[in-house]
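Here the structure comes first, spelled out in structure tokens, and everything after it is commentary.
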Amino acid sequence: MDLFKRFQNYLHNSTISIFDRMFMLVSFITIAGTVFACLIMIALGGLTTGLIIIGLEIIMTGLIILGYKYRRLPIVAVTICFLLAVVSMPIAMVFEYTNDIALALGYLFCTIYITLVLPGLSRRIILALMFTVAGAAYARRYYVAHLADPTVLPDSYILYFTEVVIFCVIASLLIGFQTRLFIEQTRTSQKQKEEIESLHASQNRFFSSMSHEIRTPVNTIIGLNEMILRENASDEINENAANIQAAGRMLLHLINDILDMSKFESGQMELVPVTYRTGDMLSDIVGMLWLRAKEKGLELHINVSPDLPQELVGDEVRIKQILINVLNNAIKYTEKGSVTLSIQCERTGAGAAKVIYSVADTGMGIKKESMPYLFTAFKRVDSEKNRYIEGTGLGLSIVKQFVDMMGGTISVNSVYTKGSTFIIEIPQQIANDTEIGDLEFDRRHTTYAGTTYHQSFEAPEAHVLVVDDTAANLLVVKKLLRDTKVQLTTVGSGREALDKTLETHFDVIFMDHLMPKMDGIECFHAIRNQTGGFCRESRIVALTANAESESAALYAEEGFDGYVVKPVTGEALEAELRRQLPRDLITLTGSEEEILEESLSWNSDHKKVAQVAITTETVADLPQTVLDHYHIGLFRHRVETAEGIFRDGLEIEQVGLLAYMNNEKAVVKPQPPSVADHEAFFAGQLEHANNIVHISISSTLESSGCIPATEAAQAFDNVFVVDTGHLSSGQGLLAVDASRWAQEGKSAAEIVEKLNYQKKLVHTSFVVDSLDYLARCGQVSGKIASITKAFMIRPVLSMRGGKLGVGKIYLGSRKHAWRKYIHSVLNTLTPIDKRMLFVTYVGLTQKDLDWIRDEIGKKMDFDRIYFQKASPAIAVNCGPGTFGLLFQTET
């Protein structure tokens with residue numbers, strides 16, 4: 001059944017030539033039909049003839065398999081057509097194996113077969129040869145008949161041959177014309193697809209550029225408007241300025257919606273979980289929306305369950321965006337009454353909770369027939385009634401997609417004309433289980449009117465450099481930091497910044513990203529490596545209009561010390577500068593409570609340096625939750641494609657990589673990490689620990705990071721690289737063990753010693769669907785990959801003695817091989833450590849994973865099973881349909 005499905009997939013694969021697909025289809029139909037006819041012939045007494053024909057069919061099948069294996073199907077097709085039309089048919093005529101009607105049908109079939117499987121010139125040549133040889137064969141038949149009976153005339157033979165040629169030519173022309181039309185339509189469709197993809201890419205670039213360009217003037221508006229709010233102006237001026245501030249923030253919210261929709265459509269949206277304070281997040285939301293509710297005469301109620309944890313782990317930016325979109329919608333569609341946000345929390349396990357957000361309004365409600373379109377982009381329900389309400393029509397669509405990405409649910413209860421209630425459930429991790437208690441938002445969302453600004457600190461001896469190519473942005477930063485009394489220098493380009501850093505030491509540098517000639521990242525690295533520069537060790541913060549959530553990860557990867565998004569508020573700018581400046585340069589200026597709070601904040605920001613830090617690579621295939629829980633540092637491998645080099649798991653991910661590799665011509669290779677990359681990584685990790693134990697992939701593997709890591713470690717006295725002799729989550733299991741021992745207070749040397757023993761207890765193996773991807777990466781020969789694929793051989797790749805080899809092979813369907821693999825792996829004589837099992841996979845569906853979980857459960861119960869997508873650097877070698885069971889034994 002699996003073979004039939006693979007054959008069906010081959011026939012529907014649009015990347016394969018239509019003539020190759022037709023050749024496979026028609027050939028196997030012909031073989032099947034001929035074998036059936038031969039069996040009847042044998043049953044009727046034609047044993048010799050039937051066996052000869054079956055033998056020829058076996059040869060034909062062998063040629064097809066060889067052609068498929070060595071990718072030479074066009075040559076095999078020409079060969080078979082030649083043998084069929086130019087050799088076998090004339091032989092049948094010469095030895096009179098068949099009558100005239102059967103011969104005519106045979107030539108008609110040959111014509112159809114040749115027209116379907118051969119293109120252009122080769123088709124015309126074979127047909128011409130067939131008719132030439134057929135004419136000679138008919139002439140011979142007449143000559144033989146005339147010798148036996150001189151009264152036989154050639155007229156009937158000429159007429160019969162002419163009719164056969166005419167019918168065959170007509171059939172060839174009709175089928176050829178239809179095939180040509182299909183090919184032209186396919187080319188047109190492909191061209192349109194490429195144009196659409198190009199347009200889509202242009203649209204994404206436009207939206208990203210638009211977001212950046214709009215944020216620049218908005219930064220000026222909001223920043224300078226904040227300066228107005230700081231002045232002791234009249235109540236009317238303060239009220240107007242407060243309205244401008246709220247409107248500016250809502251404008252940014254709309255820009256983000258448009259940009260996010262573009263990302264969703266291109267599959268580039270990612271979540272960035274962080275630890276956040278629930279009270280602060282809710283205060284931000286209320287501060288942004290209560291004024292809009294007040295303008296419409298609506299009451300805004302906030303009901304927060306006191307048992308909500310103070311700190312959670314989730315994508316704060318996206319959760320906030322979800323709530324703002326839903327609340328904003330409720331306010332827009334409610335003319336009178338109230339909008340209520342209620343928040344509850346349900347503990348779902350150790351360190352986990354489900355947070356339930358409910359938004360209820362007394363608005364117009366939603367018609368029942370409009371419910372199916374509620375989360376459709378650019379679709380506005382009841383558009384006639386709502387035509388005067390502003391908005392992009394993207395809000396709820398974005399909400400639904402974000403909730404789905406977070407593994408949550410969203411439901412709607414609504415009665416038309418009575419109001420609606422949106423219920424959003426999002427699972428999150430608990431960072432601080434202290435209950436939030438009773439929140440009083442009334443004191444938090446007062447307007448700017450009547451409030452008095454007071455700087456949080458002063459640092460007159462601090463030197464700060466701001467780099468931005470927009471003069472208005474420099475003006476905003478200068479004014480916002482004016483009262484802190486820092487010595488501020490501004491420049492308009494990366495080149496000017498380098499000139500300044502050659503002259504002066506700056507304690508902190510705020511760096512814009514997108515600048516002409518030399519962008520902020522280039523300038524950052526130039527400052528870090530500047531010969532004779534005074535700022536090689538200075539704190540450098542990205543100050544940018546790139547608001548994408550993954551931008552923070554990008555800047556952290558590059559080595560920036562902080563990240564601030566435009567438009568920036570004075571509070572955020574002061575807070576970041578205070579965090580970056582040396583403590584002895586700062587004088588706190590708030591009340592005693594504020595000074596105490598800031599002091600505590602300073603102390604918490606500078607954590608005690610760890611004795612031993614554990615690091616590993618992205619190819620260790622550990623879930624983010626495990627990395628965070630065990631505080632394991634991550635070094636990113638890279639993947640090289642024709643489009644460039646991408647960082648594993650950050651700039652490229654498994655689903656996109658597999659889609660890219662669907663094109664058989666696409667070349668993707670894991671790129672070996674360099675010694676310099678490892679040195680920079682180890683140097684950064686040593687800022688937080690006295691010793692580093694780096695858990696590396698087996699040194700025997702292609703593109704291994706072990707050898708450059710070992711070489712890089714020689715530049716440090718306290719970096720230890722462990723060659724695990726494993727890959728993927730087998731390597732990850734050892735990283736978890738090392739982290740446990742580090743938390744127990746073991747020294748680096750003790751951890752290394754224990755790891756060298758523990759790695760003998762790790763089982764690492766994968767069952768792969770085929771060896772095609774390994775062949776494309778040069779890991780195995782293409783011949784071996786083709787043979788295993790042709791005979792449905794599913795090999796098991798195992799790590800033994802640090803080397804990757806074929807352990808076992810299974811024949812048959814995918815599920816059959818999977819079941820055999822699971823039972824074989826778990827049926828070991830050595831007791832298995834049941835605390836943790838990794839199922840690391842490539843290109844499997846949720847249905848596949850559920851099936852694997854059930855099969856594992858039939859054999860053994862584990863305390864914790866992690867289903868982990870393999871990193872792109874691993875997936876590029878294995879291909880879809882691959883998974884492995886990775887665990888440890890007890891002894």
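The values are calculated or read from the model by the stated rules, or taken from the named source; none is laboratory data. Computed from a predicted structure; not experimentally measured. Quick reminder, even Gly has a Cβ in these numbers, built from the backbone with ideal geometry, and neighbours come from all protein chains shown. Side chains are part of the model used for accessible areas, which takes the heavy atoms of the whole protein and leaves out ligands, DNA and RNA. Shrake-Rupley method; radii C 1.70, N 1.55, O 1.52, S 1.80 Å.
Among residues of region 806-833 that are closer than 16 Å to LYS789 by Cβ, those with a Cβ under 9 angstrom from a residue that is open to solvent by 80 Å² or more (accessible area, probe 1.4 Å) and assigned to a strand (DSSP E or B), sequence gap 6+ or separate chain, pair up as ALA817/ILE809; ALA817/LEU811.
Going by the conditions given, is ASP854 open to solvent by 20 Å² or more (accessible area, probe 1.4 Å) and closer than 25 Å to GLN624 by Cβ? Taking the combined requirement at face value, the residue does not satisfy it. The criterion of at least 3 residues that are within 20 Å of SER17 (Cβ to Cβ) and at pLDDT 80 or above is met, among helices (runs of 4 or more DSSP H) falling completely within region 71-155, by 73-82, 100-117, 120-148. Note on region 325-340: among residues that are of a type in the set (Val, Ile, Thr) and either without any contact (Cβ under 8 Å) to a residue 12 or more places away in the chain or assigned to a helix (DSSP H, G or I) (or both), the one that is nearest to VAL355 (Cα to Cα) is VAL326. In region 268-318, which strands (runs of 3 or more DSSP E) lie fully inside it and hold 1 or more residues that are open to solvent by less than 20 Å² (accessible area, probe 1.4 Å)? Per the criteria, 274-277, 309-314.
For region 653-688, filtering for residues that are of a type in the set (A, V, I, L, M, F, W, C) and modelled with pLDDT under 75 leaves 10. Which count do you get for residues in region 730-764 that are at pLDDT 90 or above, polar (S, T, N, Q), over 18 Å from ALA873 (Cβ atoms) and not in a helix (DSSP H, G or I)? Result for region 730-764: 0. The set of residues from region 717-727 being open to solvent by 30 Å² or more (accessible area, probe 1.4 Å) and touching a residue at least 40 places away in the same chain (Cβ under 8 Å) comprises just one member, ASP723. Quick check on THR845: is it open to solvent by 20 Å² or more (accessible area, probe 1.4 Å), of a type in the set (S, T, N, Q) and at pLDDT 85 or above? Considered against the rule, which asks whether it is open to solvent by 20 Å² or more (accessible area, probe 1.4 Å), of a type in the set (S, T, N, Q) and at pLDDT 85 or above, THR845 comes out as yes.
Screening GLY730 with (1) within 26 Å of PHE867 (Cβ to Cβ); (2) open to solvent by 10 Å² or more (accessible area, probe 1.4 Å) gives one miss only, at (2).
For region 402-438, the tally of residues that are outside any strand (DSSP E or B), touching a residue at least 60 places away in the same chain (Cβ under 8 Å) and surrounded by fewer than 19 Cβ atoms within 10 Å (Cβ to Cβ) stands at 3. Residues in region 1-53 that are exposed (fewer than 13 other Cβ atoms within 10 Å of the Cβ), at pLDDT 70 or above and aromatic (Phe, Trp, Tyr): 1 in all.
Here THR151 fulfils each of the conditions (1) open to solvent by 90 Å² or more (accessible area, probe 1.4 Å); (2) under 30 Å from PRO119 (Cα atoms); (3) free of Cβ contacts under 8 Å to residues at least 24 places away in the same chain apart from (2). Only one of the listed residues (ILE366, ILE343, ILE322) is touching a residue at least 24 places away in the same chain (Cβ under 8 Å) and part of a helix (DSSP H, G or I). That residue is ILE322. If the condition is being closer than 28 Å to ALA875 by Cβ, outside any loop (DSSP other than H, G, I, E, B) and at pLDDT 90 or above, then region 711-729 contributes VAL721, VAL722, ASP723. Considering (1) open to solvent by less than 50 Å² (accessible area, probe 1.4 Å); (2) touching a residue at least 24 places away in the same chain (Cβ under 8 Å), the lone condition that ILE793 does not fulfil carries the number (2).
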